[in-house]
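The values are calculated or read from the model by the stated rules, or taken from the named source; none is laboratory data. Predicted, not measured: the structure shown is a model, and the values here were computed from it. Reconstructed Cβ throughout: ideal geometry from the backbone, glycine too, with neighbour counts over all protein chains shown. Just so you know, the surface numbers come from the protein's heavy atoms only, side chains and all, with ligands and any DNA or RNA stripped out. Shrake-Rupley method; radii C 1.70, N 1.55, O 1.52, S 1.80 Å.
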Amino acid sequence: MKVLVLGAGNVGRAITYDLAREGKVDVYVGDANRERLRAVEKFAMPMEIDASNFNGLVEAMKGFELVVGALPGRFGYSSVRAAIKAGVDMVDVSFMPENPLELRDEAERAGVTVIFDAGFAPGLSNILMGRIWQEVDELKEGHIYVGGLPKEPKPPLYYRITWSPHDLIEEYTRPARVIRDGRVTSVDPFEDIKRVTVGEFEFEAFISDGLRSLLENVKAERIEEWTLRWPGHLERMKVLRELGFFRPEYVDKTLEVIAPLMNYESPDFSIMQVIGKGILDGEEREIGYLLYDEEKGGFTSMARVTGFTAAVIAHIVAEGSCIPGIIPPEMLGMRIDTYERIMSGLDERGIKIQRWG
């Protein structure tokens, strides 16, 4: 099987390594950055691909049986469209602003399977919430707490960038969609910055727009995603936003100043807690998951939990386990076979998830 990984950044490199390590798949990696491509040459065959050239992207995808997208969010939707036009199945981790479910009919007509948001959060968070929803008669509340953080945070921002800086700023500026009183509503991500304890740690948390397709596919009175940061970070970012530094016309200049402050050496860790409260057989029931992962094997933890989740899902799609169409990740959690495959696959890769309830 020939597989094309789009994007040779931290996450793309982890996906490439995972798909290539058993030697059963011919893996190619596409990126416009030659330096990044050189970093994956030992895992796969590099290809110079400009994702902003739609027709060129379609042509590059032809001849492959599967594409795994690990590009910044601004390229996500067009990459999915390109895969459908090329007639190639796709697993994508980009946090695209558009709704890929709009392409469902096109994908079905083309006989193409696309699983979007197939990373950490969204992605694994959706899968776990989908499993919880399937195991209760009625879901009352769902709460997701998630973060990727440096173990040794440094002032003044107490955060280390391990993914797209532009997507980071998007988290602080885009209205966050949540479910309250059974209805979808949008709130300011900084409307409520609170202190929370997850695992052994105390964090700041803000509401983030990570529920995505859960808003359509899981019904409850209240569902929210909270992103975790070390104390001190969010108040500083809130001030920058209020002063206008995150406006589209200024964000590139702003990142020139603040991105270096979040680019330093520190091992990172990923943490996620997913809790659902509902009714089963007439009684209240709580089901929860807790994940904690650290940097290892030459990969950041965020690259591990995002890239390895995508790689496990890619193996499932490659085996033909999913029907054609646009498939949200929570559907994989609702199916017991794909849920168990993902959980065992992550466990084999050293990503441990505790469950209770």
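Here are the numbers for the structure shown:
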read-out	value
Pairs where the first residue, in region 291-304, is under 19 Å from Gly123 (Cβ atoms) and the second is open to solvent by 60 Å² or more (accessible area, probe 1.4 Å) and assigned to a strand (DSSP E or B), C-beta under 6 Å, 6+ apart	Ser301/Glu294
Subset of region 131-156 (residues that are within 22 Å of Asp293 (Cα to Cα) and in a loop (DSSP other than H, G, I, E, B))	Lys151, Glu152, Pro153, Lys154
Within region 149-171, tally of residues that are modelled with pLDDT under 95 and of a type outside the set (Asp, Glu)	9
Residue that is at pLDDT 95 or above, open to solvent by 80 Å² or more (accessible area, probe 1.4 Å), not small (Gly, Ala, Ser) and not in a loop (DSSP other than H, G, I, E, B), where the choices are Thr185, Thr227, Thr197	Thr197
For Val40: the one exception among (1) within 24 Å of His166 (Cα to Cα); (2) touching a Lys or Arg at 6+ places or on another chain (Cβ under 9 Å); (3) open to solvent by 70 Å² or more (accessible area, probe 1.4 Å)	(3)
Conditions (1) open to solvent by less than 10 Å² (accessible area, probe 1.4 Å); (2) closer than 26 Å to Pro100 by Cα; (3) hydrophobic (A, V, I, L, M, F, W, C); (4) not in a loop (DSSP other than H, G, I, E, B); number of the one not met by Ala205	(2)
Given (1) of a type in the set (A, V, I, L, M, F, W, C); (2) loosely packed, with under 14 Cβ neighbours inside 10 Å; (3) more than 25 Å from Asp192 (Cβ to Cβ), index of the condition Leu243 fails	(3)
Complete set of residues in region 1-50 that are within 25 Å of Gly148 (Cβ to Cβ), of a type in the set (Phe, Trp, Tyr) and either at pLDDT 95 or above or touching a Gly at 6+ places or on another chain (Cβ under 7 Å) (or both)	Tyr17
Matching option when the condition is assigned to a helix (DSSP H, G or I) and more than 23 Å from the chain's Cα centre (by Cα), among Arg74, Arg81, Arg38	Arg38
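Residue-by-condition table, conditions (1) part of a loop (DSSP other than H, G, I, E, B); (2) under 28 Å from Pro267 (Cα atoms):
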position	(1), (2)
Ala8	yes, yes
Lys24	yes, no
Tyr28	no, no
Asp50	yes, no
Asn55	no, no
Val58	no, no
Ser94	yes, yes
Pro97	yes, no
Arg109	no, no
